[in-house]
Each structure stands twice: as structure tokens, then as C-alpha cells.
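The values are calculated or read from the model by the stated rules, or taken from the named source; none is laboratory data. Remember, predicted model here, so these are calculated numbers, not experimental data. Virtual Cβ from ideal backbone geometry, glycine too; neighbours counted across all protein chains shown.
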Amino acid sequence: MPTTRARHFVTETDDLAQALDDAARRWPEVSRAQLIVRLALEGHRAAQQAQDERRRRRLDAVRKHSGAFTGAYGPDYLTGLRDEWPT
């Protein structure tokens, strides 16, 4: 079928064959070529969810600790520190 899209050729290794066999049990009506597409999309979704979860945990940590050192340094602390450095 003519297309302007890139085509990809994949060798079915033992690991990929096992993944496709497992996927065929989940989606028995789908061809092996279509299973590769589904597995790629499922993998992308899972990776995106993991990335979103890592981002959420980082933001939660920032929010939790935000302001923890408020007031620890006076308004002229940095100027005083710089004055101590040799010129």
C-alpha cells in the first residue's frame, strides 16, 4: 500500500516472539504486525505515565520543602559574604 510514512522492519527475536505471543492472548483478533503497533503504543503510554509520576513526586517534594529556609539569611547576607572575598 503506498504511503508517505516511514516503514519499519523488525526481526522477531525470541524475546519479541514471547511478547507477541503474550499480546496475542490479550488481543486474539489482532495480527502480529498490529500487535507490534499495540505493544509500542502501550509501552509509550506506560513510559509517559512513569515520567508523569516522577514529575509529580519531584513537584510534591519541592512544595513540601518550599520555604524551609525562609528567614535563615538576613537581607544583607550575600553582600556581607561578598565583602569577605578577596578582590
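Among the residues of segment 1-32, count how many are aliphatic (A, V, I, L, M) and at pLDDT below 95. Walk me through it before giving the result.
First, the residues of segment 1-32 that are aliphatic (A, V, I, L, M): 1, 6, 10, 16-17, 19-20, 23-24, 30.
Restricting the remaining residues to those that are at pLDDT below 95 gives 1, 6, 10.
Qualifying residue count for the region: 3.
Somewhere in segment 7-28, is a residue among the charged types (D, E, K, R), in a loop (DSSP other than H, G, I, E, B) and surrounded by 10 or more Cβ atoms within 10 Å (Cβ to Cβ)? Yes, because at least one residue in segment 7-28 is among the charged types (D, E, K, R), in a loop (DSSP other than H, G, I, E, B) and surrounded by 10 or more Cβ atoms within 10 Å (Cβ to Cβ).
Of all residues in segment 63-78, none satisfies being in contact with a Phe, Trp or Tyr (Cβ under 9 Å, 6 or more places away or on another chain), surrounded by 10 or more Cβ atoms within 10 Å (Cβ to Cβ) and assigned to a helix (DSSP H, G or I).
Given the options 58, 7, 32, name the one that is of a type in the set (Lys, Arg) and touching a residue at least 12 places away in the same chain (Cβ under 8 Å). Walk me through it before giving the result.
Values: 58 fails: touching a residue at least 12 places away in the same chain (Cβ under 8 Å); 7 fails: touching a residue at least 12 places away in the same chain (Cβ under 8 Å).
Result of the check over 58, 7, 32: 32.
Hydrophobic (A, V, I, L, M, F, W, C), more than 25 Å from the chain's Cα centre (by Cα) and part of a loop (DSSP other than H, G, I, E, B) - does that describe any residue in segment 30-39? Taking every residue of segment 30-39 in turn, at least one turns out to be hydrophobic (A, V, I, L, M, F, W, C), more than 25 Å from the chain's Cα centre (by Cα) and part of a loop (DSSP other than H, G, I, E, B). Quickly run through segment 40-71 and pick out the residues that are small (Gly, Ala, Ser) and within 19 Å of the chain's Cα centre (by Cα). Selection gives 40, 43, 46, 47, 50, 61.
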